[in-house]
Amino acid sequence: MIPVVWYFRKKVPRSEYRFLFLSGLIGNGIPALLFATAGTMIPSGISGLLNSLTPMFTLLFGAWFFGIHILPRHIWGVVAGLSGAVVLLLPGILHTAGQEHIEMNPLGGLLAILGTILYGININLIKNRLSHLPSFVVSAYPLLSMAFLALPIFLMTSPGAAMATHPDTAWSSLAYMALLGIVGSALSLVVFNVLVQRTTALFASTNTFIIPVVSVGWGLVFNEPFGWHIIGGLLLCLAGVWLVMKR
């Protein structure tokens with residue numbers, strides 16, 4: 001993202017820097033730490049379920065702070081999508097917990113919920129304060145500002161020692177992190193910000209209902225079991241998105 005920031009350096013008003021930094025902090029930096037910490041306390045499936053609360057918080061904060069008008073179908077759409085995520089992911093969560101005897105730490109759940117609250121605030125911030133800027137700017141400036149904050153944390157973990165001790169696994173892990181950073185964060189954030197600019201904050205946030213759908217699709221590619229709950233969950237997720245976007 002450094003070339004993007006350099007290209008737009010004279011085109012972005014300095015008055016927008018505080019909003020771009022705040023977007024990076026509450027939309028990328030803090031939630032990343034919250035969900036990573038939560039992942040050590042609760043199953044990843046639970047984190048996925050709690051992440052599906054993002055549209056609900058987007059709806060609430062949009063109404064409370066930005067005067068967004070809420071229609072009954074919006075509420076039903078959020079309920080349907082969240083129900084679909086529960087139906088899709090709950091069997092896998094119960095199976096994982098039963099196999100690995102995972103102890104649920106309530107603090108992990110609270111951290112994940114706090115992350116979704118910050119997501120909801122950030123989506124409204126982008127829509128109402130930053131939507132006039134190009135999507136590459138709204139993605140590059142927050143990510144780069146968080147990179148400066150994350151660099152000391154990275155150095156504190158002694159990456160050089162890890163690469164010297166376990167070179168094969170360390171380099172492969174670094175490659176996967178790069179893949180997540182480039183595709184899962186940078187490029188997907190650009191596309192997401194385009195969606196926020198062209199639609200509504202609530203509709204953009206319903207991408208959390210599509211994440212379980214994509215996960216199930218990859219599961220089918222790798223021959224994971226297919227049950228009737230998958231069909232029901234997919235239909236509920238898609239119904240939730242349709243209710244939110246319906247005009």
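The values are calculated or read from the model by the stated rules, or taken from the named source; none is laboratory data. Everything numeric here is computed off the predicted structure, so don't read it as measured data. When we count neighbours, we look across all protein chains shown, and the Cβ atoms used for this are built from the backbone with ideal geometry, even at glycine. Side chains are part of the model used for accessible areas, which takes the heavy atoms of the whole protein and leaves out ligands, DNA and RNA. Shrake-Rupley method; radii C 1.70, N 1.55, O 1.52, S 1.80 Å.
So residue 168 ticks every box in (1) in contact with a Phe, Trp or Tyr (Cβ under 8 Å, 6 or more places away or on another chain); (2) open to solvent by 90 Å² or more (accessible area, probe 1.4 Å) but one. Which box is left unticked?
So residue 168 meets the others, but not (1).
Does residue 159 satisfy the condition of being open to solvent by 40 Å² or more (accessible area, probe 1.4 Å) and more than 22 Å from residue 77 (Cβ to Cβ)?
Here the answer is no, as residue 159 does not meet what is asked.
State whether the residues of the range 67-78 include one that is open to solvent by 30 Å² or more (accessible area, probe 1.4 Å), touching a Gly at 6+ places or on another chain (Cβ under 7 Å), under 27 Å from residue 237 (Cβ atoms) and not acidic (Asp, Glu).
Checked against the condition, which is being open to solvent by 30 Å² or more (accessible area, probe 1.4 Å), touching a Gly at 6+ places or on another chain (Cβ under 7 Å), under 27 Å from residue 237 (Cβ atoms) and not acidic (Asp, Glu), the range 67-78 yields at least one hit.
Can you tell me which residues in the range 223-247 are of a type in the set (Phe, Trp, Tyr) and under 24 Å from the mean Cα position of the chain (by Cα)?
242
Identify, from the list 202, 187, 149, the residue that is assigned to a helix (DSSP H, G or I) and free of Cβ contacts under 8 Å to residues at least 12 places away in the same chain.
Result: 187 is the single residue among 202, 187, 149 that is assigned to a helix (DSSP H, G or I) and free of Cβ contacts under 8 Å to residues at least 12 places away in the same chain.
Being closer than 15 Å to residue 192 by Cβ and among the polar types (S, T, N, Q) is the filter here, so list the residues in the range 117-142 that pass it.
Passing the criteria: 122, 124, 131, 135, 139.
Which is touching a Pro at 6+ places or on another chain (Cβ under 9 Å), buried (at least 20 other Cβ atoms within 10 Å of the Cβ), over 17 Å from residue 89 (Cβ atoms) and among the hydroxyl-bearing types (Ser, Thr, Tyr), of 23, 52?
23
Of (1) in contact with a Ser or Thr (Cβ under 7 Å, 6 or more places away or on another chain); (2) open to solvent by less than 50 Å² (accessible area, probe 1.4 Å); (3) of a type in the set (S, T, N, Q), residue 197 satisfies all except one. Which?
The number of the failed condition is (2).
List the helices (runs of 4 or more DSSP H) inside the range 14-81, counting only whole elements, that have at least 1 residues being over 15 Å from residue 241 (Cα atoms) and at pLDDT below 85.
44-51, 54-66
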